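Following: one structure in structure tokens, then a few remarks.
Coordinate-derived values only; no laboratory data. Just so it is clear, the structure is predicted and the values come from calculations on it, not from any experiment. Please note: Cβ atoms are built from the backbone with ideal geometry, for glycine as well, and neighbour counts cover all protein chains shown.
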Amino acid sequence: MKNTFVVISSAGPNRDLSKTTREQPFWDEHAEFIDRLVAEGFILMGGPLVDEGGSLLIFNDEDENEVREKLRNYPCLEGGILKKESIKRWQIFIDARKCSIILVCRKRA
């Protein structure tokens with residue numbers, strides 16, 4: 001059974017806070033790596049924590065060990081741009097995206 005996990009990373013020792021996310025080293029490798037996990041259905045959402053230089057990723061996977069395995073070769077972690085802080089299993093109770101779809105469907109009916 002798939003679970004939802006939140007992966008929170010902070011700025012790593014090699015993160016240049018004077019540069020934007022896309023200006024950091026390993027940006028192209030990062031984009032390729034993340035795009036592959038999105039295409040495979042493992043990453044549902046993600047993005048930078050703008051004021052902190054970190055990031056947040058939402059994973060859909062079996063267990064925490066699988067998430068850790070998928071992040072094992074993540075270029076931004078390996079290159080010290082990000083530092084993984086935590087992986088937490090998350091139970092979603094509210095999702096406005098799903099509610100919006102339901103409301104639109106109800107209005108059309």
TODO: Would you tally the net charge around Gly12, using a Cβ to Cβ cut-off of less than 13 Å, leaving Gly12 out, and scoring K and R as +1, D and E as -1?
DONE: -1
- [ ] Work out from phi, with θ = phi - 60° and the Karplus expression 6.51 cos²θ - 1.76 cosθ + 1.60, the ³J(HN,Hα) of each residue of the range 41-51, listed in order in whole Hz, and give x for Gly and Pro.
- [x] x, 8, 9, 8, 7, x, x, x, 8, 3, 7
Task: Loop-exposed trypsin sites (Lys or Arg not before Pro) per DSSP, neighbour cap 15 Cβ within 10 angstrom, longest uninterrupted part of the chain - done: 20-71
Open item on the list: Under 5 Å between amide hydrogens, which residues at least 5 positions from Gly12 or on another chain qualify, with H placed 1.01 Å from N in the peptide plane?
Closed with: Leu82, Lys83
- [ ] Specify the inter-centroid distance of the range 40-66 and the range 2-35, based on alpha-carbon positions, in whole Å.
- [x] 10
- [ ] Any chance you could list P(r) for the chain, counting all Cα-Cα pairs in 10 angstrom bins from zero, rounded to whole %?
- [x] 14, 42, 28, 13, 4, 0
